[in-house]
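**Student:** Structure provided below as structure tokens; questions to follow.
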Amino acid sequence: MSTLQADNVSVVFPADSGDVHALDKASLTIGEGDFVVALGASGCGKTTLLNAIAGFLAPTEGTIAIDGTPIGGPGADRAVVFQKHALMPWLNVIDNVAFGLQIQGVERAKRYEMANQYLSLLGLEGFETSAVYQLSGGMQQRVGVARALATDPEILLMDKPLGALDALTRESVQEILLRVWSETRKKVFFITHSVEEALFLGTKLILMSPRPGRITHTYDLDFSRRYLRGEPARAIKASQDFIEMREDVLSRIHGDA
Amino acid sequence: MTVEANHKQAGRGIARVLMNIGRRRRPTTEVYGQPGAGRSSLISFATAFVLLLVWWLVTNAELVKPLFLPPPEMVFDKFVEVSSEGFNNATLFEHALQSIMRVFAAFALACVTAIPIGIGMGVNKLMRGLFDPPIEFYRPIPPLAYLPLIIIWFGIGETSKILLIYLGIFAPLALSARAGVRSASIEQIHVAYSFGASRWQVLKHVVFKAALPEILTGMRIAIGFGWTVLVAAEMVAATSGLGYMVLSASEFLNTSVVILGIIVIGFLAYMFDMIMRFIEGKLVPWKGRA
Ligand SMILES: Nc1ncnc2c1ncn2[C@@H]1O[C@H](COP(=O)(O)OP(=O)(O)OP(=O)(O)O)[C@@H](O)[C@H]1O
Ligand SMILES: [Mg+2]
């Protein structure tokens, strides 16, 4: 199994009004079973870091490697899920989920079989032939997650995947995500603006601060494991250590801003 | 029941029908939806009817001379006459068919050239550099201005007519295809790349698909341009066609045939627009909902 390693990654965007140091010497390890959550003020370089890991942009300095092999662009080992679900409206639900498999040349019967597996994992049975624009926001996001999982990547890169959802839907998709994560044993890099979401989902939390974008603090978490062991989500979120952790994170973020 | 009561009731019935015209089919779930949503066909029919009525009233009250505007019934008589006996050696159907063929030949030719070139311009620097100057240069020039040049180069045959219409269609179609390839969101493109897609796969599976609505809209607009250029094209030594029919009728101050020709061209253009809209609805039901 593999480990993703970002080493002193800097990204500088040249601009007329002076260069933007979107990311400054960020180092990060995402190993087996890690669910890494990134949290920080708007513009602190979270998306930039994700784009660099995904291979959409090359770091100005530093390296990103998987098991020591530097990444040379986007690849099938890293799947992405975006806030704007980025589904293909010309494809129905199952063809959207099977999209990556189609790209990879899997034949139709086989890819439908695999797609069906992930549709049921995310509770989307019965919507195979629906048009994606007729689904609710939460269902669209689940289709996006199913699509990312269907190609069996090593790591899922998610940029505020639940940001557009209402609080209730959001909590239920969070729980679905955790179950899927524990069943599929994927590595996850997850960006959010919600402190609660970050604490509840992650095994590791990185705090980032802007100008220049840096990783300022790292926490190890185990709330998600507690949830998977059977503790109710609401009990976890109401527990003393959860609340203390939340206040600590909040004060650090406000200290930065 | 008295006659009067009967009338009253009939009057109320009519009032109710009239009130319901606006209400029927009103979607109950989307009252606060898109501005202007809902069917407008009833209103359109009413507009057409009122226009016809005004035409009829103005001409039958003899407010204008038939030379300037003949009454609708006279144009209808001409319609029957030209349909059966013909005008200048061809029936209305033959004139119409000739024009449809010209417009369609040009349209088909434009589709197979302008769409690939437009897409190419959208996705490729070299293509954009090559085709941008000529297209942007000739696009705003009225077809009538370069018509003489086309006649000098290609003569007065069918080629020149179709070429003129083709040029009128080409630019808007190429530009819409070029703009269409910008429709795919960066997220959709990134998703495809993250599955290991090649550049060509990204184009085929994402960019071209996302461009389709805009290309279809471009086709609708472009074929409209085709009908606009038709009359100019048929000024060139034509012996049949709707534009030719209108032009030669005008030389004899045969206003009824002129109006008949205009109405038929307008009707055909409208019909093809409806067909294109239907195709749009079938092909890209997701348009504007991505
Ligand atoms: N393509 C670009 N060109 C120039 N500057 C950029 C570009 N992309 C991002 N930036 C700048 O880099 C900085 C970090 O941006 P980034 O998108 O990574 O922030 P973020 O943490 O994802 O913010 P948010 O939480 O609002 O999504 C910002 O100051 C932004 O303006
Ligand atoms: Mg961002």
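The values are calculated or read from the model by the stated rules, or taken from the named source; none is laboratory data. Since we're looking at a predicted model, the values are computed, not measured. We place every Cβ from the backbone using ideal geometry, glycine too, and count neighbours over all the protein chains shown.
**Student:** What is the residue count in region A:33-61 for residues that are within 18 Å of A:LEU221 (Cβ to Cβ), of a type outside the set (D, E, K, R) and more than 12 Å from ligand 1 (Cβ to nearest atom)? Can you show your working first?
**Tutor:** Taking region A:33-61 as the starting set, the residues that turn out to be within 18 Å of A:LEU221 (Cβ to Cβ) are A:33-40, A:46.
In the following step, the residues that additionally are of a type outside the set (D, E, K, R) were identified as A:33, A:35-40.
Narrowing the set further to residues that are more than 12 Å from ligand 1 (Cβ to nearest atom) leaves A:33, A:35-37.
Here the count works out to 4.
**Student:** Of the residues that make up region B:208-217, is at least one touching a residue at least 60 places away in the same chain (Cβ under 8 Å), outside any loop (DSSP other than H, G, I, E, B) and more than 14 Å from chain A (Cβ to nearest Cβ)?
**Tutor:** Taking region B:208-217 first, the residues touching a residue at least 60 places away in the same chain (Cβ under 8 Å) are B:208, B:210-213, B:215-217.
Narrowing further to those that are outside any loop (DSSP other than H, G, I, E, B): B:208, B:210-213, B:215-217.
Subset that is more than 14 Å from chain A (Cβ to nearest Cβ): B:217.
Looking through region B:208-217, at least one residue is touching a residue at least 60 places away in the same chain (Cβ under 8 Å), outside any loop (DSSP other than H, G, I, E, B) and more than 14 Å from chain A (Cβ to nearest Cβ).
**Student:** For the list (1) closer than 24 Å to B:GLY86 by Cβ; (2) not assigned by TED's automatic domain parsing to the domain that holds B:ARG139, I need the number of the one condition that B:PHE252 fails.
**Tutor:** (2) is the only condition that B:PHE252 fails.
**Student:** Hey, does region B:156-178 have a residue that's more than 14 Å from chain A (Cβ to nearest Cβ), under 29 Å from A:PRO161 (Cα atoms) and surrounded by fewer than 24 Cβ atoms within 10 Å (Cβ to Cβ)? Let's see the steps before the verdict.
**Tutor:** Of all residues in region B:156-178, those more than 14 Å from chain A (Cβ to nearest Cβ) come to B:156-178.
Keeping just the survivors that are under 29 Å from A:PRO161 (Cα atoms) gives none.
No, every residue in region B:156-178 fails to be more than 14 Å from chain A (Cβ to nearest Cβ), under 29 Å from A:PRO161 (Cα atoms) and surrounded by fewer than 24 Cβ atoms within 10 Å (Cβ to Cβ).
**Student:** Let me ask something else about it. Evaluate region A:42-54: report whether one residue or more is within 9 Å of chain B (Cβ to nearest Cβ) and in contact with a strand residue (DSSP E or B) (Cβ under 7 Å, 6 or more places away or on another chain). Don't jump to the end; show me each part of the working.
**Tutor:** Going residue by residue through region A:42-54, those that are within 9 Å of chain B (Cβ to nearest Cβ) are A:51, A:54.
Then drop every residue that is not in contact with a strand residue (DSSP E or B) (Cβ under 7 Å, 6 or more places away or on another chain), which leaves A:54.
Yes, because at least one residue in region A:42-54 is within 9 Å of chain B (Cβ to nearest Cβ) and in contact with a strand residue (DSSP E or B) (Cβ under 7 Å, 6 or more places away or on another chain).
**Student:** Sticking with this one: Please determine, by comparing only the residues of region A:179-208 that are among the hydroxyl-bearing types (Ser, Thr, Tyr), surrounded by fewer than 20 Cβ atoms within 10 Å (Cβ to Cβ) and not in a loop (DSSP other than H, G, I, E, B), which one is farthest from ligand 2 (Cβ to nearest atom).
**Tutor:** Once the filter is applied, the top-ranked residue is A:SER182.
**Student:** Among the residues of region A:214-257, which ones are within 22 Å of the chain's Cα centre (by Cα), modelled with pLDDT of 90 or more, under 25 Å from A:LEU28 (Cβ atoms) and in a helix (DSSP H, G or I)?
**Tutor:** Answer for region A:214-257, where residues must be within 22 Å of the chain's Cα centre (by Cα), modelled with pLDDT of 90 or more, under 25 Å from A:LEU28 (Cβ atoms) and in a helix (DSSP H, G or I): A:PHE223, A:SER224, A:ARG225, A:ARG226, A:TYR227, A:LEU228, A:PHE242, A:MET245, A:ARG246, A:VAL249, A:LEU250.
**Student:** Shifting gears a bit: So A:VAL143 passes all but one of these: (1) within 27 Å of A:ASN116 (Cβ to Cβ); (2) surrounded by 20 or more Cβ atoms within 10 Å (Cβ to Cβ); (3) touching a residue at least 60 places away in the same chain (Cβ under 8 Å). Which condition number does it fail?
**Tutor:** The number of the failed condition is (3).
Residue-wise test of (1) within 13 Å of ligand 2 (Cβ to nearest atom); (2) modelled with pLDDT under 90.
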site: A:VAL12; (1), (2): no, no
site: A:SER17; (1), (2): no, yes
site: A:HIS21; (1), (2): no, yes
site: A:SER27; (1), (2): no, no
site: A:LYS46; (1), (2): yes, no
site: A:PRO59; (1), (2): no, no
site: A:ALA79; (1), (2): no, no
site: A:HIS85; (1), (2): no, yes
site: A:PRO89; (1), (2): no, no
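**Student:** Of everything in region B:120-176, what is of a type outside the set (Ser, Thr, Tyr), under 18 Å from the mean Cα position of the chain (by Cα) and within 22 Å of B:GLU214 (Cα to Cα)? Give them in sequence order.
**Tutor:** B:ILE165, B:LEU167, B:GLY168, B:ILE169, B:PHE170, B:ALA171, B:PRO172, B:LEU173, B:ALA174, B:LEU175
**Student:** OK, next. Filter region A:65-81 down to the residues that are touching a residue at least 40 places away in the same chain (Cβ under 8 Å) and crowded, with 21+ Cβ neighbours inside 10 Å, then identify the one that is farthest from the other protein chains (Cβ to nearest Cβ).
**Tutor:** Step by step, filter region A:65-81, then rank; the result is A:VAL81.
**Student:** Would you confirm, using the coordinates I've provided, whether A:THR63 is within 13 Å of ligand 2 (Cβ to nearest atom), modelled with pLDDT of 90 or more and over 24 Å from A:ALA146 (Cβ atoms)? It would help to see each step written out before you state the result.
**Tutor:** Numbers: within 13 Å of ligand 2 (Cβ to nearest atom): no; modelled with pLDDT of 90 or more: yes; over 24 Å from A:ALA146 (Cβ atoms): yes.
No; evaluated as a whole, the condition is false for this residue.
**Student:** Continuing with the same structure: So which residues in region A:145-178 are within 27 Å of A:ASP67 (Cα to Cα) and part of a helix (DSSP H, G or I), if there are any at all?
**Tutor:** The answer is A:VAL145, A:ALA146, A:ARG147, A:ALA148, A:LEU149, A:ALA150, A:LEU177, A:LEU178.
**Student:** For the subset of region A:13-32 comprising residues that are of a type in the set (Gly, Ala, Ser) and more than 12 Å from ligand 1 (Cβ to nearest atom), which member is surrounded by the most Cβ atoms within 10 Å (Cβ to Cβ)? Walk me through how you get there before you give the answer.
**Tutor:** Taking region A:13-32 and keeping what is of a type in the set (Gly, Ala, Ser), we get A:15, A:17-18, A:22, A:26-27, A:31.
From what is left, the residues that are more than 12 Å from ligand 1 (Cβ to nearest atom) are A:27, A:31.
Numbers: A:SER27: 11, A:GLY31: 14.
Among them, the one singled out is A:GLY31.
**Student:** Here's a follow-up. Looking at B:ILE156, B:ILE151 in this structure, which one is outside any helix (DSSP H, G or I), assigned by TED's automatic domain parsing to the domain that holds B:ILE263, more than 19 Å from B:ALA179 (Cβ to Cβ) and in contact (Cβ under 8 Å) with a residue 40 or more places away in the chain?
**Tutor:** Numbers: B:ILE151 fails: outside any helix (DSSP H, G or I).
Just one listed residue meets the conditions, B:ILE156.
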